[in-house]
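Enquirer: To start, I am sharing the structure in question, which I have written as structure tokens.
Nothing in this text is a laboratory measurement; each read-out follows from the coordinates by a stated rule. From a predicted model like this one, the values you see are computed outputs, not experimental measurements. Positions of Cβ are generated from backbone atoms using ideal geometry, with glycine treated the same way; all protein chains shown enter the neighbour counts.
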Amino acid sequence: MATTRTFSIIKPDATRRNLTGAVTKMLEDAGLRVVASKRIQMTQEQAEGFYAVHRERPFFGDLVSFMISGPVVVQVLEGEDAVATNRKVMGATNPANADAGTIRKELAESIEANSVHGSDSEENAAIEIAYFFKPEEIVG
Ligand code: GDP
């Protein structure tokens, strides 16, 4: 399996509860390495652009409002098969359905306030990384 990269967001429900370190530890314990990280306040335009694929979904407006309700930590993670490794440690979208030991099972509040985002494919990871980071901000 090759070393690859994925894109992660520690969402506002987690930063609000001071869980940046707790989430990052779970990512690191899963074998992922943080090779870029910054805490930002997303603008509405940024959040709408990031979640554009969900524009037609009924929860789009709520999701955008939630994502700009407080600071987030955007990260680039590196590791063996990083997209799949990250999705595994994140757990299911709805924390009620997530496996024990996953970030969402242990820390998330709800299907919307579910503590973390992680890219769902290597193609999207590359797009999402480029949306928030310049190449020189990523130091592997
Ligand atoms: P993910 O890849 O597991 O993050 O899930 P999706 O790409 O399907 O959804 C993106 C994000 O939208 C999720 O992480 C949730 O924050 C939010 N979301 C997904 N489904 C729902 C829903 O049914 N209601 C609400 N309010 N938010 C949702």
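Enquirer: Cα to Cα, under 16 Å, and not fewer than 8 places away if on the same chain: which lysines meet these conditions relative to Lys88?
Expert: Result set, ordered by chain and number: Lys25, Lys105.
Enquirer: Let me ask something additional. For the chain, what is the mean residue ellipticity at 222 nm derived from helices alone (per DSSP H run of n ≥ 4: -39500 (n - 2.57); sum divided by total residues; nearest 500 deg cm²/dmol)?
Expert: So the helix-based figure for the chain works out to -10500 deg cm²/dmol.
Enquirer: In addition: If each residue of separation counts as 0.36 nm, what is the full-extension length gain between Asp29 and Glu122 once their alpha-carbon separation is subtracted? Write out the running numbers ahead of the final one.
Expert: Working: separation 93, 0.36 × 93 = 33.48 nm, distance 2.12 nm.
Full extension from Asp29 to Glu122 adds 31.4 nm.
Enquirer: Right, another one. Excluding Ile138 itself, calculate the net charge of residues whose Cβ lies under 14 Å from the Cβ of Ile138, where each Lys or Arg counts +1 and each Asp or Glu counts -1.
Expert: Numbers: positive: Arg5, Arg33, Lys38, Lys134; negative: Glu78, Glu128, Glu136, Glu137.
Charge balance near Ile138 sits at 0.
Enquirer: So if I restrict to the alpha-carbon atoms in the chain, what is the Rg, and what is Dmax, the biggest pairwise distance, in Å?
Expert: Cα only, the chain: 13.9, 39 Å (Rg, Dmax).
Enquirer: If you don't mind, there's one more thing I want to ask. In nm, give the distance between the simple-model label positions of Phe60 and Glu112, each being 7 Å from the Cα along the Cα-to-Cβ direction.
Expert: 1.6
Enquirer: Here's a follow-up. Quick one: pull the percentage of alpha-carbon pairs in the stretch 1-50 with a separation above 15 Å.
Expert: Values: 675 of 1225 pairs.
Tail of the P(r) past 15 Å holds 55 percent of the pairs.
Enquirer: Here is a follow-up. Convert each backbone phi in the stretch 79-84 into a coupling constant with the Karplus relation 6.51 cos²θ - 1.76 cosθ + 1.60 (shift: θ = phi - 60°), then list the ³J(HN,Hα) values in order as whole Hz, x for Gly and Pro.
Expert: x, 4, 6, 4, 4, 5
Enquirer: Please give the charge dipole size of the stretch 1-132, origin at the Cα centre, charges +1 on K and R Cβ atoms and -1 on D and E Cβ atoms. Round to the nearest 20 debye.
Expert: Numbers: 14 positive and 18 negative charges, 77 e Å.
Charge dipole, the stretch 1-132, about its Cα centre: 360 debye, nearest 20.
Enquirer: If you plug each phi of the stretch 56-63 into the Karplus form 6.51 cos²θ - 1.76 cosθ + 1.60 with θ = phi - 60°, what whole-Hz ³J(HN,Hα) values come out, in order, with x for Gly and Pro?
Expert: 3J(HN,Hα) across the stretch 56-63, in whole Hz: 8, 6, x, 8, 4, x, 5, 5.
Enquirer: Quick check: net charge around Ile111, other residues with Cβ under 15 Å of its Cβ, Lys/Arg +1 and Asp/Glu -1? Don't jump to the answer; show the numbers that get you there.
Expert: On the way: positive: Lys11, Arg57, Arg104, Lys105; negative: Asp13, Asp62, Glu109, Glu112.
Spelling it out: positives minus negatives among the neighbours equals 0.
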